[in-house]
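A.B. asks: My questions will all concern the structure given below.
None of the figures in this text is laboratory data; all of them are computed from the coordinates on show. Here the structure is a predicted model, which means the values were calculated and not measured. Don't worry about glycine lacking a Cβ; one is built from the backbone with ideal geometry, like all the others, and counts go over all protein chains shown.
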Amino acid sequence: MKVLVAVKRVVDYNVKVRVKADQSDVDLTNVKMAMNPFCEIAVEEAVRLKEKGVATEIVVVSIGPKKSEEQMRTAMALGADRGILIETDEALDSLAVAKLLNKVVADEQPGLVLLGKQSIDTDNNQTGQMLSALAGMSLGTYASEVAIEGEQLNLVREIDGGLQKLQLKLPAVVTVDLRLNEPRYARLPDIMKAKKKPLEVKTPADYGVDTASKVTTLKVEPPAERQAGIKVASVEELVDKLKNEAKVI
Amino acid sequence: MSILVVADHHNADLVAATANTVAAAQKIGGDIHVLVAGEACQAAAEAAAKLEGVAKVLVADHAAYNHQLAENLAPLVADLAKAYSHVLAPATTNGKNLMPRVAALLDVAQISEIISVESADTFKRPIYAGSAIATVQSSDAVKVLTVRATGFDAVAATGNAAIEAVAQDAQDAGLSSFVGEEIAKSDRPELTAARVVISGGRGLGSAENFAKLDPLADKLGAAIGASRAAVDAGFVPNDMQVGQTGKIVAPELYIAFGISGAIQHLAGMKDSKVIVAVNKDEEAPIFQVADYGLVADLFEVLPQLEQQI
Ligand SMILES: Cc1cc2nc3c(=O)[nH]c(=O)nc-3n(C[C@H](O)[C@H](O)[C@H](O)COP(=O)(O)OP(=O)(O)OC[C@H]3O[C@@H](n4cnc5c(N)ncnc54)[C@H](O)[C@@H]3O)c2cc1C
């Protein structure tokens, strides 16, 4: 079975993101970029499926700027066999990304598409769900366990109340949550080898997809700052403050 | 304008965040209808009918809608949506699972986790783990939104709307099926609706130690939350995670024990009214958002606090 994994280049999760003075966007000049942490988990799961003999080929796809090649090479070092970069410098909305991925799905006919449940920049949590609708595929979001048996995928999902088990018919779209696995690090020899793996570069126009968004960002502001608090010296003082100052207990 | 709110529910009861979503719909303004799609979901429909501001409750009762599987439910919502200017759902795991699939069927964008309504087409939402707030405007014919409950005060349950069955030819898409679930049972208030939340992090050290939060939570009638590190380490189940990728809470009082205050955790609790942090590291970033910080060993603080409250 062929597995398609989508990855996104985003700001590193350790970076403290700030807003530009003109409030047009966040300021990402010279900040460290990385693979979205949820995409790392998706790549790891694909690699594990290959190690189990379930996946026969892993195709990594990314939609973003030229530099996304860095993250795609990382995915290849971890075990992806080849890559497709749909290059664009525009920040596409989830619907446009899902439409492009749907074209790749039509070309590649994967049995399973793995994506992160959300990217930590826009925090949208939409792309996998949208792709599943466009491709008419089954959907499993927030996966914490994935097992494939024949034409079925047994899934455990993290939901508000706890865990839910579903059975999905393949081909399926699965978005992954934090506890699905712990991604490994790429080894140096594999990083070298990954440089030689095939990476096809396309544009949204190649797929004939209109990527214009109907949603415009008018303004990006910093969140309301909390008033600086105080340190209390003892439990007695804390209880006194909570009772008599904050009046919350 | 007319607004469809897709209720989150468990057939027998309504998920509280639905009432906050109706409040967001009121801010947009217009006729508000609530869809309750499930199986044997009359009780949830009756609860929805009580929500203030709701003009009508639509019930779609069919086996295919049980467990709110997106593949079966999205076509129904997308079909109904054509008669509305806005479709809203709470940003619960059910709402987040369903709404993008609805939006894609309608060929419109979906706007996630709005925290305020500026006008009928303009909304605010947090991005980058709440490090920034974006104001976005949509020109889509139908606006599909999920609503962050902490951004809107729930409407009261004093209404009395009409309940109507939706004419539908429900079908099981045959793509996925429900196998089972493990739902955490607790006598404590629900995490996202609790007045007081007590959270524990890696500093608690083990599942046994984590239970040391219970007596204090009992005394305060509090819900218990956790950091990702505490969940990953297996101290507590996933449904207790607070943060960017877990639950968003904004209680009157949030007490963090042994939590360092990573941005991803703060994203889920920094809108709490009063924040207390207990941490033995005086440099821990949690102190930057805490109204009251206590630099101490949590294992010494817990029994004292329980006694003195
Ligand atoms: C993609 C992504 C998503 C994430 N989503 C979330 C999320 O939703 N929620 C979340 O919480 N995290 C999330 N994280 C993880 C986050 O970055 C932090 O790793 C996590 O919050 C740390 O948890 P912690 O504070 O319990 O642990 P630590 O950072 O290890 O902090 C433990 C704290 O306990 C204190 N301590 C230890 N012993 C004691 C004692 N005896 N008494 C008092 N204090 C003590 C220490 O001083 C320390 O400050 C996410 C990370 C990523 C990459």
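A.B. asks: If you fit an axis through the alpha-carbon atoms of helix A:37-51 and take the longest principal axis of the Cα set of chain A, what angle between them do you get, 0 to 90°, nearest 10?
C.D. replies: Its long axis makes an angle of about 40 degrees.
A.B. asks: Now for a different question. Mind pulling the angle between the C-alpha long axis of helix A:94-108 and the longest principal axis of chain A? Nearest 10 degrees, somewhere in 0 to 90.
C.D. replies: Tilt relative to chain A: about 20 degrees.
A.B. asks: For segment A:1-146, what does the equivalent ellipsoid look like in terms of its semi-axes, each the square root of 5 times an eigenvalue of the Cα gyration tensor, given largest first in whole Å?
C.D. replies: Equivalent-ellipsoid dimensions as semi-axes: 26, 17, 14 Å.
A.B. asks: Can you sort B:Ile3, B:Ile133 so the residue with the fewest Cβ neighbours within 10 Å comes first?
C.D. replies: If I rank by nearby Cβ atoms, fewest first, I get B:Ile133, B:Ile3.
A.B. asks: Pull out the extension gain between A:Ala21 and A:Arg82, defined as 0.36 nm times the separation in residues minus the alpha carbon to alpha carbon distance; nm, one decimal.
C.D. replies: 17.9 nm
A.B. asks: Two-decimal Rg/Rh of segment B:133-258 from alpha-carbon positions, Kirkwood Rh?
C.D. replies: Over the Cα atoms of segment B:133-258, Rg/Rh equals 1.08.
A.B. asks: Let me ask something else. Evaluate peptide B:261-271: per residue, the Cβ atoms of other protein chains within 10 Å of its Cβ; return the mean as an integer.
C.D. replies: Counting other chains' Cβ atoms within 10 Å and averaging over B:261-271 gives 2.
A.B. asks: Viscosity 1.002 mPa s, temperature 20 °C: give me the Stokes-Einstein translational D for the protein assembly as shown in µm²/s, with Rh taken as the Kirkwood radius over C-alpha pairs.
C.D. replies: So the translational diffusion coefficient is about 89 µm²/s.
A.B. asks: P(r) tail for segment A:2-244, what percent of Cα pairs lie past 29 Å?
C.D. replies: Above the 29 Å cut-off, segment A:2-244 has 35 percent of its Cα pairs.
A.B. asks: Moving to a separate point now. Please give me the summed charge of the neighbours of A:Arg184: other residues whose Cβ is under 14 Å from its Cβ, Lys and Arg +1, Asp and Glu -1.
C.D. replies: -3
A.B. asks: GNM on chain A, C-alpha springs below 10 Å: top fluctuator among A:Glu221, A:Glu200, A:Glu158?
C.D. replies: A:Glu221
A.B. asks: Projected area of segment A:2-47, taken from the Cα convex hull and averaged over every viewing direction, in nm²?
C.D. replies: 4.0
A.B. asks: Can you give the mean number of other chain Cβ atoms that lie within 10 Å of the Cβ atoms in peptide B:186-196?
C.D. replies: 1
A.B. asks: Rg/Rh for segment B:44-188 to two decimals, with Rh computed the Kirkwood way over all alpha-carbon pairs.
C.D. replies: Ratio of gyration radius to Kirkwood radius for segment B:44-188: 0.97.
A.B. asks: If you don't mind, there's one more thing I want to ask. What number, in nm² with one decimal, is the all-direction average of the projected area of the convex hull of the alpha-carbon atoms of segment B:1-54?
C.D. replies: For segment B:1-54, the mean projected area of the Cα convex hull comes to 3.0 nm².
A.B. asks: Between A:Arg226 and B:Glu208, what FRET efficiency follows from the Cβ-Cβ distance if R0 is 41 Å, with the result rounded to 0.05?
C.D. replies: The pair A:Arg226/B:Glu208 has a calculated efficiency of 0.80.
A.B. asks: May I pose another question? Could you list the square roots of 5 times each eigenvalue of the Cα gyration tensor of segment A:124-174, that is, the equivalent ellipsoid semi-axes, sorted largest first and rounded to whole Å?
C.D. replies: 17, 16, 7
A.B. asks: Using the Karplus curve 6.51 cos²θ - 1.76 cosθ + 1.60 with θ = phi - 60°, work out ³J(HN,Hα) for each residue of segment B:116-130 in order, rounded to whole Hz, and write x for Gly and Pro.
C.D. replies: 7, 10, 8, 7, 4, 10, 10, 9, 10, 8, x, 10, 6, 6, x
A.B. asks: In whole Å, largest first, what are the principal axis extents of the Cα atoms in segment B:191-308?
C.D. replies: Reported extents, whole Å, longest axis first: 32, 27, 25.
A.B. asks: Compute the acute angle (0 to 90°) between the alpha-carbon long axis of helix A:68-78 and the principal axis of greatest extent of the alpha-carbon atoms of chain A; round to the nearest 10°.
C.D. replies: Around 70 degrees separate the two axes.
A.B. asks: Distance between Cα centroids, segment B:226-269 to segment B:153-224: provide it in whole Å.
C.D. replies: 15
A.B. asks: To continue, here is another question. Give the whole-number value, in cubic angstrom per residue, of the convex hull volume spanned by the C-alpha atoms of chain B.
C.D. replies: So the per-residue hull volume is 131 Å³.
A.B. asks: Starting from the amide H of B:Ala267, placed 1.01 Å from N in the peptide plane, find each other amide H under 5 Å away whose residue is 5 or more places distant or on another chain.
C.D. replies: Amide H to amide H, under 5 Å and 5 or more residues apart or across chains, B:Ala267 pairs with B:Gln244.
A.B. asks: List A:Val173, A:Val61 from most exposed to least, where exposure is judged by having the fewest other Cβ atoms within 10 Å.
C.D. replies: Fewest to most other Cβ atoms nearby, the residues stand as A:Val61, A:Val173.
A.B. asks: In a shell of Cβ-Cβ distance under 10 Å around B:Arg195, excluding B:Arg195 itself, what net charge do Lys and Arg (+1) and Asp and Glu (-1) give?
C.D. replies: 0
A.B. asks: Continuing with this model, one more query. Let me check I've understood the local charge: for B:Gly180, count other residues with C-beta under 14 angstrom from its C-beta, Lys and Arg +1, Asp and Glu -1. What total comes out?
C.D. replies: Here the charged neighbours net out to -1.
A.B. asks: Could you state the per residue volume, in Å³, of the convex hull enclosing the Cα atoms of segment B:84-154?
C.D. replies: Output value, Cα hull per residue: 95 Å³.
A.B. asks: What is the fewest-to-most order of B:Asp218, B:Asp31, B:Asp187 by other Cβ atoms lying within 10 Å of their Cβ?
C.D. replies: Fewest-to-most ranking of B:Asp218, B:Asp31, B:Asp187: B:Asp187, B:Asp218, B:Asp31.
A.B. asks: Using only the Cα atoms of segment A:198-249, what semi-axes does the equivalent ellipsoid have when each is the square root of 5 times a gyration tensor eigenvalue? Give whole Å, largest first.
C.D. replies: Sorted largest first and rounded, they come to 56, 17, 10 Å.
A.B. asks: Find how many whole Å separate the alpha carbon centroid of segment A:162-214 from the alpha carbon centroid of segment A:38-107.
C.D. replies: 3
A.B. asks: Same structure, new question: For segment B:199-210, just list the computed ³J(HN,Hα) in residue order, Karplus coefficients 6.51, -1.76 and 1.60, θ = phi - 60°, integers in Hz, with x standing in for Gly and Pro.
C.D. replies: 10, x, x, 4, x, 6, x, 6, 5, 4, 5, 4
A.B. asks: So if I place +1 on the C-beta of Lys and Arg and -1 on the C-beta of Asp and Glu, and nothing else carries charge, what would the dipole magnitude of the protein assembly as shown be about its Cα centre? I want it in debye, nearest 20.
C.D. replies: Once rounded to the nearest 20, the dipole reads 1080 debye.
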